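Below: one structure, written as structure tokens.
The values are calculated or read from the model by the stated rules, or taken from the named source; none is laboratory data. Keep in mind that this is a model prediction, so the values were computed, not measured. All Cβ positions, glycine included, derive from the backbone under ideal geometry; neighbour counts span all protein chains shown.
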Amino acid sequence: MKDLTATYFFKAKSGVTPEFASQAICEEQTTGTWTDISTVNQSTEYVHTYDGEVLGVEPFNDGFITRIRYPYEIFEPGNVPQYLSVIAGNLFGLGKLEAVRLLDIDIPKELAGSGAKFGIDGVRKLGGTEKSRRPHIGTIIKPKVGLNPKDTAKVAYEAALGGLDLIKDDETLTNQSFCPLFERLDAVMDSLDKVKHETGKKVLYAVNVTCGGDKIVELAEKAVRAGANMIMVDVLTAGFSAVQALASNPQISVPIHVHRTMHGALTRNQSHGIAMRPIAKLVRCVGGDQLHTGSISGKMGGKADEIISDNRAITENFFDLKPVFPVSSGGLHPGKVAAEISGLGREVVLQAGGGIHGHPKGTTAGVIAMIQAMDAALENIPAAEYAKTHEELRLALEKWGN
Ligand code: CAP
Ligand code: MG
């Protein structure tokens with residue numbers, strides 16, 4: 001079927017039946033409005049081809065769940081901003097609803113787009129883990145902002161020496177005057193070249209190109225020409241179409257790391273907003289290669305079962321779109337690696353900022369401790385046991401526990 005089906009949770013205002021409420025969502029997002037209109041008449045009957053359909057309304061917790069079929073024809077294929085105006089538009093403000101949350105979307109092939117250039121396997125090939133399929137280990141340059149390019153490169157050098165797979169800018173670091181993007185990029189790539197020379201390890205550096213829609217493609221193209229081997233975009237602040245423009249651009253021949261900062265304004269409230277699932281599915285459609293989907297044991301409040309099913313949604317077969325590498329991050333440290341791997345499996349990027357740069361022996365030791373924790377988890381050895389013969393892990397557990 002070419003139509004798109006959306007699933008919502010909602011609470012209706014008192015006196016409003018659930019049937020009326022779900023029909024109100026359906027009409028508002030397709031051909032209706034709050035009253036009947038003279039412009040829909042005998043001569044324009046054909047517009048009803050574009051009506052939506054309520055597929056059902058069932059009680060759920062303190063509200064209801066409804067599934068709505070939106071006809072394929074009301075979408076402009078490839079125009080993801082317009083998709084969102086339909087599935088996540090005016091409905092959130094409807095007065096008849098107390099609350100409404102977009103839980104999931106089933107996207108037909110005709111609207112799915114072509115997805116990521118690299119996907120999990122492409123990124124693994126770059127990191128040399130296509131055989132082991134072990135989790136990737138990443139860090140975020142910390143402090144979040146403030147370091148000059150030279151000191152940023154120093155942190156990157158020390159992190160890369162530890163043997164990790166990925167270093168990224170933090171979500172608020174872009175092209176500020178204290179750390180101009182191209183000075184930072186040159187300095188960090190020089191550091192990574194040095195580490196490649198010294199250790200043979202190739203490390204990806206996701207430089208944050210988040211900026212206005214009129215500049216982001218040119219900025220990313222310039223970054224790739226300047227030697228970037230990965231770029232990063234904050235999808236909710238820059239926009240899905242920004243990711244799409246980068247992913248579909250043949251000049252930008254590097255993976256895209258997608259950060260989801262601001263998602264909490266949408267995903268956190270279990271009764272109102274947009275769950276991570278539809279966001280994650282749309283990131284897959286527009287071509288993100290890696291996506292933050294939450295950590296089970298970290299500092300953000302993600303629910304394990306939601307994260308696990310969100311990760312499944314971006315890695316399971318979805319027409320011919322490549323699977324997206326889920327990123328577990330936020331408050332992670334070596335003591336939490338085992339919980340993340342047992343909950344999320346191996347097809348995941350485990351990322352730590354404070355949990356690496358806050359290691360008692362510094363950044364390189366922090367990376368080594370994360371890798372030791374991963375090795376222990378993959379061999380089903382308790383971290384505390386493994387720490388008896390691995391100093392960096394022992395010191396991390398001593399400082400932060402499990
Ligand atoms: C983690 C992080 C990430 C969060 C985002 C931060 O740093 O860099 O942005 O992981 O959350 O700024 O908090 P720490 P999520 O490792 O020091 O916590 O991945 O859930 O979108
Ligand atoms: Mg961050």
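Which one of G63, G122, G89 is farther than 28 Å from W34 by Cβ and touching a residue at least 40 places away in the same chain (Cβ under 8 Å)?
Working: G63 fails: farther than 28 Å from W34 by Cβ; G89 fails: farther than 28 Å from W34 by Cβ.
Of the residues listed, the single one that is farther than 28 Å from W34 by Cβ and touching a residue at least 40 places away in the same chain (Cβ under 8 Å) is G122.
When you go through I37, I25, I65 one by one, which is the residue that is of a type in the set (A, V, I, L, M, F, W, C) and part of a strand (DSSP E or B)? Steps first, answer last, please.
On the way: I37 fails: part of a strand (DSSP E or B); I25 fails: part of a strand (DSSP E or B).
Every option except I65 fails the conditions.
Any residue in the stretch 170-190 that is buried (at least 23 other Cβ atoms within 10 Å of the Cβ), within 16 Å of ligand 1 (Cβ to nearest atom) and at pLDDT 95 or above?
yes
Tell me which residues, restricted to the stretch 350-362, are surrounded by fewer than 24 Cβ atoms within 10 Å (Cβ to Cβ) and within 15 Å of G138 (Cα to Cα). First the steps, then the outcome.
Kept after step one, since they are surrounded by fewer than 24 Cβ atoms within 10 Å (Cβ to Cβ), are these residues of the stretch 350-362: 353-354, 357-358, 360-362.
G353, G354, H357, G358, listed by residue number.
Exactly one condition in (1) at pLDDT 95 or above; (2) more than 30 Å from G93 (Cβ to Cβ); (3) within 16 Å of ligand 2 (Cβ to nearest atom) is not met by G294; state its number.
Going through the list (1) at pLDDT 95 or above; (2) more than 30 Å from G93 (Cβ to Cβ); (3) within 16 Å of ligand 2 (Cβ to nearest atom), G294 breaks only (2).
F318 - would you say it is more than 16 Å from ligand 2 (Cβ to nearest atom), within 20 Å of the chain's Cα centre (by Cα) and within 12 Å of P135 (Cβ to Cβ)? Let's see the steps before the verdict.
Values: more than 16 Å from ligand 2 (Cβ to nearest atom): yes; within 20 Å of the chain's Cα centre (by Cα): yes; within 12 Å of P135 (Cβ to Cβ): no.
Answer is no for this residue.
Can you list residue pairs whose Cβ atoms sit under 6 Å apart, with the first residue in the stretch 320-331 being farther than 17 Å from C285 by Cα and the second being more than 6 Å from ligand 1 (Cβ to nearest atom) and at pLDDT below 95? Count only pairs 6 or more apart in sequence or on different chains.
Partner pairs satisfying both residue conditions: G330/G298; G331/G298.
Looking at this structure, is D289 touching a strand residue (DSSP E or B) at 6+ places or on another chain (Cβ under 7 Å), charged (D, E, K, R), at pLDDT 95 or above and within 15 Å of ligand 1 (Cβ to nearest atom)?
Details: touching a strand residue (DSSP E or B) at 6+ places or on another chain (Cβ under 7 Å): yes; charged (D, E, K, R): yes; at pLDDT 95 or above: yes; within 15 Å of ligand 1 (Cβ to nearest atom): no.
For D289, the condition - touching a strand residue (DSSP E or B) at 6+ places or on another chain (Cβ under 7 Å), charged (D, E, K, R), at pLDDT 95 or above and within 15 Å of ligand 1 (Cβ to nearest atom) - is not met.
Kindly check whether there is at least one residue in the stretch 138-151 that is more than 16 Å from ligand 1 (Cβ to nearest atom) and either of a type in the set (A, V, I, L, M) or touching a Ser or Thr at 6+ places or on another chain (Cβ under 7 Å) (or both). Break it down into steps so the answer makes sense when it comes.
Here is the first cut: in the stretch 138-151, the ones more than 16 Å from ligand 1 (Cβ to nearest atom) are 148-151.
Next, only the ones that are either of a type in the set (A, V, I, L, M) or touching a Ser or Thr at 6+ places or on another chain (Cβ under 7 Å) (or both) stay: none.
Within the stretch 138-151 (the criterion being more than 16 Å from ligand 1 (Cβ to nearest atom) and either of a type in the set (A, V, I, L, M) or touching a Ser or Thr at 6+ places or on another chain (Cβ under 7 Å) (or both)), the answer is no, since none of the residues qualifies.
So which helices (runs of 4 or more DSSP H) are wholly in the stretch 277-382 and hold at least 2 residues that are touching an Asp or Glu at 6+ places or on another chain (Cβ under 6 Å) and among the aliphatic types (A, V, I, L, M)? It would help to see each step written out before you state the result.
On the way: elements: 304-315, 337-344, 354-357, 363-378.
Where helices (runs of 4 or more DSSP H) fall fully within the stretch 277-382 and carry at least 2 residues being touching an Asp or Glu at 6+ places or on another chain (Cβ under 6 Å) and among the aliphatic types (A, V, I, L, M), they are 363-378.
Condition check ((1) within 16 Å of V324 (Cβ to Cβ); (2) within 16 Å of ligand 2 (Cβ to nearest atom); (3) among the charged types (D, E, K, R); (4) crowded, with 23+ Cβ neighbours inside 10 Å) across all residues:
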{"residue": "M232", "(1), (2), (3), (4)": "yes, yes, no, yes"}
{"residue": "A245", "(1), (2), (3), (4)": "no, no, no, no"}
{"residue": "Q251", "(1), (2), (3), (4)": "no, no, no, no"}
{"residue": "G273", "(1), (2), (3), (4)": "no, no, no, no"}
{"residue": "I279", "(1), (2), (3), (4)": "yes, no, no, yes"}
{"residue": "L282", "(1), (2), (3), (4)": "yes, no, no, yes"}
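Given the conditions (1) assigned to a helix (DSSP H, G or I); (2) closer than 20 Å to R134 by Cβ, which single one is not true for L395?
So the condition that L395 fails would be (2).
Residue by residue, here is whether (1) within 16 Å of ligand 2 (Cβ to nearest atom); (2) farther than 30 Å from V258 by Cα; (3) modelled with pLDDT under 95 holds:
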{"position": "L344", "(1), (2), (3)": "no, no, no"}
{"position": "Q351", "(1), (2), (3)": "yes, no, no"}
{"position": "A373", "(1), (2), (3)": "no, no, no"}
{"position": "N380", "(1), (2), (3)": "no, yes, no"}
{"position": "A387", "(1), (2), (3)": "no, yes, no"}
{"position": "W400", "(1), (2), (3)": "no, no, no"}
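Taking the stretch 332-346 on its own, how many of its residues are over 13 Å from M370 (Cα atoms) and away from ligand 1 (no atom under 16 Å from the Cβ)? So that I can check it myself, show each step before the final result.
To start, the set of residues in the stretch 332-346 that are over 13 Å from M370 (Cα atoms) comprises 342-346.
Restricting the remaining residues to those that are away from ligand 1 (no atom under 16 Å from the Cβ) gives 342, 345-346.
Total satisfying the criteria: 3.
Give the stretch 83-93 a look and list any residue that's surrounded by 15 or more Cβ atoms within 10 Å (Cβ to Cβ) and in contact with an Asp or Glu (Cβ under 6 Å, 6 or more places away or on another chain), or say none.
L91
Which of the residues that make up the stretch 305-331 are more than 10 Å from ligand 1 (Cβ to nearest atom), β-branched (V, I, T) and surrounded by 24 or more Cβ atoms within 10 Å (Cβ to Cβ)?
Passing the criteria: I314, V324.
So, E73, is that one part of a helix (DSSP H, G or I), free of Cβ contacts under 8 Å to residues at least 40 places away in the same chain and either surrounded by fewer than 19 Cβ atoms within 10 Å (Cβ to Cβ) or under 23 Å from the mean Cα position of the chain (by Cα) (or both) or not? Let's see the steps before the verdict.
Working: part of a helix (DSSP H, G or I): yes; free of Cβ contacts under 8 Å to residues at least 40 places away in the same chain: yes; either surrounded by fewer than 19 Cβ atoms within 10 Å (Cβ to Cβ) or under 23 Å from the mean Cα position of the chain (by Cα) (or both): yes.
Yes.
Name the single residue, out of those in the stretch 236-263 being assigned to a loop (DSSP other than H, G, I, E, B) and among the aliphatic types (A, V, I, L, M), that is nearest to S295 (Cα to Cα).
Taking the stretch 236-263 first, the residues assigned to a loop (DSSP other than H, G, I, E, B) are 239, 248-255, 260-263.
Remaining after also requiring among the aliphatic types (A, V, I, L, M): 252, 254, 262.
Working: I252: 29, V254: 25, M262: 16 Å.
It comes out as M262.
Filter the stretch 138-163 down to residues that are hydrophobic (A, V, I, L, M, F, W, C) and within 16 Å of ligand 2 (Cβ to nearest atom) and give me whichever is farthest from V349 (Cα to Cα).
We begin by selecting, within the stretch 138-163, every residue hydrophobic (A, V, I, L, M, F, W, C); these are 140-141, 145, 147, 153, 155-156, 159-161.
Retained after the next criterion (residues that are within 16 Å of ligand 2 (Cβ to nearest atom)): 140-141, 145, 147, 155-156, 159.
On the way: I140: 12, I141: 16, V145: 22, L147: 25, V155: 20, A156: 17, A159: 16 Å.
By that ranking, first place goes to L147.
Select, from V203, V207, the only residue that is surrounded by 24 or more Cβ atoms within 10 Å (Cβ to Cβ), under 23 Å from the mean Cα position of the chain (by Cα), within 16 Å of ligand 2 (Cβ to nearest atom) and of a type in the set (V, I, T).
Values: V203 fails: within 16 Å of ligand 2 (Cβ to nearest atom).
Step by step, each of V203, V207 is checked, and only V207 is surrounded by 24 or more Cβ atoms within 10 Å (Cβ to Cβ), under 23 Å from the mean Cα position of the chain (by Cα), within 16 Å of ligand 2 (Cβ to nearest atom) and of a type in the set (V, I, T).
Can we say E98 is loosely packed, with under 15 Cβ neighbours inside 10 Å and not in a loop (DSSP other than H, G, I, E, B)? Explain how you work it out, then say what you get.
Details: loosely packed, with under 15 Cβ neighbours inside 10 Å: no; not in a loop (DSSP other than H, G, I, E, B): yes.
In short, no.
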